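Below is one structure, written out as structure tokens; the observations come after it.
The values are calculated or read from the model by the stated rules, or taken from the named source; none is laboratory data. In this text, all values refer to a predicted model and were calculated from it rather than measured experimentally. Here the Cβ positions follow ideal geometry from the backbone for every residue, glycine too, while neighbour counts run over all protein chains shown. Ligands, DNA and RNA are excluded from the accessible area calculation, which covers all protein heavy atoms including side chains. Shrake-Rupley method; radii C 1.70, N 1.55, O 1.52, S 1.80 Å.
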Amino acid sequence: MGSEVEWLPAALRTVHVLTAVLMAWPAYALVAVNQRARMGPPLGDRVDLYLEEMVKGRAIPCFIFQATALVTGVWLAAERGLDGSAFAENWRLMAKLVLLVFISGVLLYVYVWLQPRIDAEFAQLARGPDPAVAARIGALRLRRKRLASVCMFGVLVMVMLGMQVWTAFPACLTLAALALIALFCWRTYRTGTAFGWV
């Protein structure tokens with residue numbers, strides 16, 4: 001029984017970290033969206049249909065990964081002897097929790113409201129070319145792209161804060177990391193970061 005208890009925290013940490021990696025989906029979605037934009041018209045072709053199916057098909061897995069991050073994070077905190085008050089006392093834990101709830105809310109908004117509107121516009125476009133429909137699709141896709149970049153920023157900040165839960169960085173290093181994360185998200189949003197970090 002003792003050996004089981006010893007390996008459990010390591011297993012929980014592994015699942016928690018892997019979940020954070022799997023939550024990096026917005027970064028790859030932004031790369032795909034930027035690549036699609038470079039291809040140009042026509043709107044509604046097979047590439048568009050493929051992209052839309054791929055993007056909307058990731059919502060449920062993302063909800064599952066977010067729930068896993070929440071459960072394993074709370075479990076890890078409890079395993080370290082922390083109770084609910086620890087979230088109020090440790091701003092990094094609280095920030096991670098707030099960011100996770102925020103990201104889940106953004107995903108819920110996209111899943112329940114934004115994506116169905118995009119699907120409805122594509123269904124209308126299938127009846128024939130219509131500049132007004134194309135403009136609405138472009139505007140909705142742009143909003144979804146911006147939200148994906150916000151989610152990516154949130155996930156990366158959560159990872160950075162997760163590294164500090166037990167050993168805090170100096171404030172200047174935390175601020176520098178936030179600036180670099182913001183820059184990376186902006187570059188990914190704009191260009192897809194063809195050279196990895198840049």
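Which one is modelled with the lowest pLDDT among residues in the range 62-110 that are of a type in the set (S, T, N, Q) and within 21 Å of Thr14 (Cα to Cα)?
Ranking the candidates gives Thr72 first.
Out of the residues in the range 160-176 that are out of contact with any helix residue (DSSP H, G or I) (no Cβ under 8 Å at 6 or more places or on another chain) and of a type in the set (Gly, Ala, Ser), which is surrounded by the fewest Cβ atoms within 10 Å (Cβ to Cβ)?
Going through the qualifying residues, I end up with Ala171.
Every residue in the range 139-153 that is without any contact (Cβ under 8 Å) to a residue 40 or more places away in the chain and surrounded by fewer than 16 Cβ atoms within 10 Å (Cβ to Cβ), please.
Ala139, Leu142, Arg143
Taking the range 177-198 as the search range and keeping residues that are under 10 Å from Met152 (Cα atoms) and open to solvent by less than 20 Å² (accessible area, probe 1.4 Å), which one is modelled with the highest pLDDT?
Ranking the qualifying residues of the range 177-198, first place goes to Cys185.
Check Met94 against each of (1) open to solvent by less than 30 Å² (accessible area, probe 1.4 Å); (2) in contact with a helix residue (DSSP H, G or I) (Cβ under 9 Å, 6 or more places away or on another chain) and name the one condition it does not meet.
Evaluating Met94 over (1) open to solvent by less than 30 Å² (accessible area, probe 1.4 Å); (2) in contact with a helix residue (DSSP H, G or I) (Cβ under 9 Å, 6 or more places away or on another chain) leaves (1) as the failure.
Touching a Lys or Arg at 6+ places or on another chain (Cβ under 8 Å) and closer than 24 Å to His16 by Cα: is that true of Met158 in this structure?
yes
Would you point out which residue out of Val55, Val33, Val5 is out of contact with any strand residue (DSSP E or B) (no Cβ under 8 Å at 6 or more places or on another chain), in a helix (DSSP H, G or I) and either farther than 30 Å from Ala123 by Cα or modelled with pLDDT under 80 (or both)?
When all the criteria are applied, what remains is Val5.
Could you check how many residues of the range 107-138 are aromatic (Phe, Trp, Tyr), free of Cβ contacts under 8 Å to residues at least 60 places away in the same chain and surrounded by 13 or more Cβ atoms within 10 Å (Cβ to Cβ)?
2
Pairs only if they're at least six apart or on different chains, beta carbon under 8 angstrom, first in the range 30-44 and on the phi > 0 side of the Ramachandran plot and surrounded by 12 or more Cβ atoms within 10 Å (Cβ to Cβ), second among the aromatic types (Phe, Trp, Tyr) and in a helix (DSSP H, G or I); list them, first residue then second.
Gly44/Phe122
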